[in-house]
1. Can you say whether residue 46 is surrounded by 15 or more Cβ atoms within 10 Å (Cβ to Cβ), polar (S, T, N, Q) and farther than 25 Å from residue 123 by Cα, as far as the supplied structure shows?
2. For residue 59, all conditions in the list (1) farther than 19 Å from residue 35 by Cβ; (2) more than 16 Å from the chain's Cα centre (by Cα); (3) of a type in the set (Gly, Ala, Ser) hold save one; what is the number of the exception?
3. For a quick check of your reading of the model, give me the residue pairs whose first member lies in the stretch 1-29 and is buried (at least 17 other Cβ atoms within 10 Å of the Cβ), whose second is of a type in the set (Asp, Glu), with beta-carbon atoms closer than 9 Å and at least 6 apart or on different chains.
4. Here are some residues: 52, 43. Which one is of a type in the set (Gly, Ala, Ser), in a helix (DSSP H, G or I) and modelled with pLDDT under 95?
5. Given (1) surrounded by 15 or more Cβ atoms within 10 Å (Cβ to Cβ); (2) more than 19 Å from residue 83 (Cβ to Cβ), where does residue 51 come up short, assuming only one miss?
6. Just checking, how many residues over the stretch 30-43 are buried (at least 17 other Cβ atoms within 10 Å of the Cβ) and either under 16 Å from the mean Cα position of the chain (by Cα) or hydrophobic (A, V, I, L, M, F, W, C) (or both)?
7. If residue 23 meets every condition in (1) in a helix (DSSP H, G or I); (2) over 21 Å from residue 103 (Cα atoms); (3) not small (Gly, Ala, Ser) apart from one, which number is that one?
Amino acid sequence: MIWAMRVVVGLIGLFFLVFGLRFVFTPADMAAAFLLAPDGIGGLSNIRGDLGGAFLAVAVFTALGLRPGGAHWLYAAATVNLTIAAARIVGFLVDGTTEAAVTAFMFELVFAALLVIAGRRLSRTPPPA
């Protein structure tokens, strides 16, 4: 079961790594895919920095969480996902919902739940000798 948790965390980390790198290196394409309209160089910089940085931070936290004794980092990754989901709830209340926004929200909740579960299970696993 521990290996399955590690695989799930690894896949979540890979997802965030790939998307983070895409935000950094192809911000215009990712902006379009995420229904954003960056305004010039400053807007592209914000896509790279804010979105790319957030996605890469989660990727780093998941990688650190896979290290022996590092399961606590998975809570950091989960916290980022839950914070994004909480902000999205504000959007739902103020702006309404779209299918894409609800789908993203569900992924954020599922990723956060999986990361918390993995953090709990992996923190009980003794580090290799």
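The values are calculated or read from the model by the stated rules, or taken from the named source; none is laboratory data. Computed from a predicted model, the values in this text were never measured in an experiment. We place every Cβ from the backbone using ideal geometry, glycine too, and count neighbours over all the protein chains shown.
1. On the way: surrounded by 15 or more Cβ atoms within 10 Å (Cβ to Cβ): yes; polar (S, T, N, Q): yes; farther than 25 Å from residue 123 by Cα: yes.
When the stated conditions are applied, residue 46 passes them.
2. Status for residue 59: all satisfied but (2).
3. From the stretch 1-29, the pairs are 23/50.
4. On the way: 52 fails: modelled with pLDDT under 95.
Exactly one residue qualifies, and that residue is 43.
5. Just one mismatch for residue 51, condition (2).
6. Step one: of the stretch 30-43, the residues buried (at least 17 other Cβ atoms within 10 Å of the Cβ) are 30-31, 38.
With the extra rule that they be either under 16 Å from the mean Cα position of the chain (by Cα) or hydrophobic (A, V, I, L, M, F, W, C) (or both), the set shrinks to 30-31.
Adding up the residues that qualify gives 2.
7. Unmet for residue 23, out of (1) in a helix (DSSP H, G or I); (2) over 21 Å from residue 103 (Cα atoms); (3) not small (Gly, Ala, Ser): (2).
Yes/no matrix, rows are residues, columns are (1) in a helix (DSSP H, G or I); (2) within 22 Å of residue 11 (Cα to Cα); (3) aliphatic (A, V, I, L, M); (4) more than 14 Å from the chain's Cα centre (by Cα):
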{"residue": "73", "(1), (2), (3), (4)": "yes, yes, no, no"}
{"residue": "77", "(1), (2), (3), (4)": "yes, yes, yes, no"}
{"residue": "90", "(1), (2), (3), (4)": "yes, no, yes, yes"}
{"residue": "111", "(1), (2), (3), (4)": "yes, yes, no, no"}
{"residue": "115", "(1), (2), (3), (4)": "yes, yes, yes, no"}
{"residue": "119", "(1), (2), (3), (4)": "yes, yes, no, yes"}
